[in-house]
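Asker: Sharing a structure here in structure tokens format.
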Amino acid sequence: MSLIETVPVNTEHKSVPVHLHSNLSGLSEEIAKLPGVTSVFLITEKSIHSIYSKYLERELSSLPIKTIYIKGGEKSKHINRTGEVYNQLIEYGADRKSLILAFGGGVVGDFAGFIASTYLRGIRFVQIPTTLLACVDSSVGGKVAVNADFGKNMIGSFYQPEFVFAPLSVLSTLPDREWKCGQAEIIKHSLLSGGEYWEKVKTHSFKDLNVDSTILPYLIAESVRFKANVVSSDEKETGLRKILNLGHTTAHAIESVTKYKKYSHGEAVAIGLVTALLLSEQHSELDPVTTKETIESLKNYGLPFQTKLKSKQLTKHMLHDKKNVGGSIRFVLLKSPGSPIFDIPIDSEDIILAIHKQKGI
Ligand code: NAD
Ligand code: GLY
């Protein structure tokens, strides 16, 4: 048995276990616990599946399983791509007792989860995250979505999986840039959580991000535990869950200005964290030591902490963010590690100044 730890995500209507495993063994046992499954559909990217098909076949050989491939990349996580997948499910005779397995990173998880939430008004699904970001963030909490022509994640729902099964061994083939992307979210979670978690994150670096390091299961479990607690108290993001957007106001603007081509999501979040902390120094009395430590940590994990993009252009895009209400730009700020505040309206002039200051660090 490869189980490392199970972290529950308790929501109003469902308790979702997040199983951290060292590899894929044990997956079929978990699926067998779900009552009355008639057929199983593995939704994945060809490139990821080709690496792990041998292990998946061995683990899932007893199941009536069909594989449906989707194209990878943010552009393919689009509403236009859903029709062909619904048609395949219909052709294969998927019914209300069928089960979808989402095997991939956040793109596959969000897309397959969205399909599960809408096919026949909702069928069961399981998240099997294969990137660090998906392990610590996108597979946990039940947000599923696809993109529209003019906005990312604009069409979606809150739809919890039956369980999450994170097989850490699959991270061994993850490119360096994807490791860093996940680490940016870990730094975000640890800043929001504070305490021992933040202290531990600060003392490690990029060389520790590999499947053999003992710190990796700790970082993933702590991140999942932190996000699980937040989601448990505010599943539908009416309040507290907004703290998970720390750094994301600037990050979304950076991604949007560069048309999702120059920076990965994690790199944009890394830069956005620093903007949020500089604003926190000004608006919520954050000790500048935290900003300095965060920049050191971002450097240690090979992440950027500033951008050459024009601050006015970024601020203009922030004003269009769907999370803003009534023209003001709302930020998540920190009073100190572990003490976030959300929905704080900030003047665009202050944001421009903060990004200027960030350029000069
Ligand atoms: P991704 O799914 O695009 O994966 C990144 C790259 O890694 C892809 O090229 C993929 O083919 C490759 N890959 C995946 N697993 C691999 C493996 N084990 N070995 C080798 N290569 C592998 O990117 P991501 O960072 O995992 O997810 C980003 C997406 O997640 C975005 O669409 C974002 O909107 C979404 N997201 C959702 C939530 C949520 O709460 N639902 C939270 C954060 C992000
Ligand atoms: N990634 C932010 C959230 O799940 O709410």
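Asker: In degrees between 0 and 90, to the nearest 10, how far off the longest principal axis of the chain does helix 288-300 point, with axes built from Cα atoms?
Answerer: Rounded to the nearest ten degrees, it is 50.
Asker: In whole Å, what is the distance between the alpha-carbon centres of region 29-84 and region 345-361?
Answerer: When both Cα centres are located, 44 Å separates them.
Asker: Right, next: Averaged per residue, what accessible area in Å² does the chain show with a 1.4 Å probe, protein chains only?
Answerer: 43
Asker: Alpha carbon centre of region 212-277 versus region 126-151: separation in Å?
Answerer: What the calculation gives is 12 Å, centre to centre.
Asker: Keeping the other protein chains in place, figure out the carbon and sulfur percent of the accessible area of the chain, with a 1.4 Å probe.
Answerer: C and S fraction of accessible area: 52 percent.
Asker: If you don't mind, there's one more thing I want to ask. Roughly what % antiparallel, to the nearest 5, for the DSSP beta bridges in the chain? Walk me through the numbers on the way to the answer.
Answerer: Values: 18 of 40 bridges.
Taking every DSSP beta bridge within the chain, about 45 percent pair in antiparallel fashion.
Asker: Mind grabbing the accessible area of Y197 for me, 1.4 Å probe, Å², rounded to tens?
Answerer: Probe radius 1.4 Å; accessible area of Y197 about 10 Å².
Asker: Among the GluC sites (Glu not before Pro) within region 216-294, which fall in a DSSP loop and have no more than 14 other Cβ atoms within 10 Å of their own Cβ?
Answerer: On the way: sites: E222, E235, E237, E255, E267, E281, E285, E293; in loops: E235, E237, E285.
When the GluC sites (Glu not before Pro) of region 216-294 are filtered for loop state and at most 14 Cβ neighbours within 10 Å, E285 remain.
Asker: Put I90, I79 in order of accessible area, largest first, 1.4 Å probe: what do you get? Provide the component values of the computation, followed by the final result.
Answerer: Numbers: I90 105, I79 55 Å².
Output order, biggest surface exposure first: I90, I79.
Asker: Something else about it: Take every DSSP beta bridge with both residues inside region 1-125 and express the antiparallel ones as a percent of the total, to the nearest 5.
Answerer: If we restrict to bridges inside region 1-125, about 35 percent are antiparallel.
Asker: Enter the accessible area of K33 (Å², nearest 10), with the probe set to 1.4 Å and all protein chains included.
Answerer: 140
Asker: Do any trypsin sites (Lys or Arg not before Pro) in region 80-109 lie in a loop, going by DSSP, with at most 12 other beta-carbon atoms within 10 Å of their beta carbon, and if so which?
Answerer: Qualifying residues, ordered by number: R96.
Asker: Let me test this: with uniform point scatterers at the alpha carbons of region 9-123, what is the Debye-based log₁₀ I(q)/I(0) at q = 0.24 1/Å?
Answerer: Relative scattering, expressed as log10 I(q)/I(0), comes to -1.64.
Asker: On to the next question. With respect to the cross-link table entries K54/K242; K33/K259; K242/K316; K33/K143; K46/K202, which display a Cα-Cα separation exceeding 32 Å?
Answerer: Pairs exceeding the cut-off: K54/K242; K33/K259; K46/K202.
Asker: With a cut-off of at most 15 other beta carbons within 10 Å, and DSSP calling the residue loop, which GluC sites (Glu not before Pro) in region 1-86 qualify? Please list them.
Answerer: Answer in residue order: E12.
Asker: Something else: Which number do you get for Rg(Cα) / (2.2 N^0.38 Å) in the chain?
Answerer: Taking the Cα Rg and dividing by 2.2 N^0.38 Å, one obtains 0.97.
The values are calculated or read from the model by the stated rules, or taken from the named source; none is laboratory data. From a predicted model like this one, the values you see are computed outputs, not experimental measurements. Please note: Cβ atoms are built from the backbone with ideal geometry, for glycine as well, and neighbour counts cover all protein chains shown. Side chains included, ligands, DNA and RNA excluded: accessible areas come from the protein's heavy atoms. Shrake-Rupley method; radii C 1.70, N 1.55, O 1.52, S 1.80 Å.
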